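Structure first, then comments.
Values quoted throughout were computed directly from the atomic coordinates according to the rules given, and no laboratory measurement underlies them. For clarity, every value in this text was computed on a predicted model and none was experimentally measured. Note that each Cβ is placed from the backbone with ideal geometry, even for glycine, and that neighbours are counted across all protein chains shown.
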């Protein structure tokens with residue numbers, strides 16, 4: 001399960017209102033190195049067959065199915081000063097050696 005705080009929901013809804021041609025919120029994760037992750041948010045116009053799709057607070061969230069387990073337990077937050085922040089719990093041991101390589 002992915003969690004999105006109310007401030008993040010409000011900001012994402014605002015961004016979608018500004019860009020109605022891209023109503024899908026895509027969350028992604030990749031490894032920067034063996035100690036750090038890179039999270040991203042983009043707005044897109046469609047989902048793919050491989051996506052895991054969630055409806056959270058009226059937002060359609062798409063996550064590439066291959067990456068969905070890596071986002072398990074993540075909380076997306078938003079602060080006017082800091083922007084979007086991802087809070088990721090300590091990954092299970094099974095993921096520590098199973099790094100996703102950037103394309």
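Which angle from 0 to 90°, rounded to the nearest 10, does the C-alpha axis of helix 6-18 make with the longest principal axis of the chain?
Once rounded, the angle reads 60 degrees.
Roughly how many nanometres apart are two label points built 7 Å out from the Cα toward the Cβ at residue 42 and residue 67?
Result: 0.8 nm between the two label points.
Add -39500 (n - 2.57) for each DSSP H run of 4 or more in the chain, then divide by its residues: what number comes out at 222 nm, to the nearest 500 deg cm²/dmol?
Details: 2 runs with 17 residues, N = 103.
Estimated from H runs of four or more residues: -4500 deg cm²/dmol.
Given a Förster distance of 30 angstrom, what is the FRET efficiency for residue 50 paired with residue 15, based on the Cβ-Cβ distance and rounded to 0.05? Walk me through the numbers on the way to the answer.
On the way: r = 24 Å, r/R0 = 0.80.
The formula returns an efficiency of 0.80 here.
For the chain, compute Rg over Rh where Rg is the Cα radius of gyration and Rh is the Kirkwood radius from the inverse mean 1/r over Cα pairs. Write down the numbers at each step before the final one.
Values: Rg = 13.7 Å, Rh = 14.3 Å.
That ratio equals 0.96.
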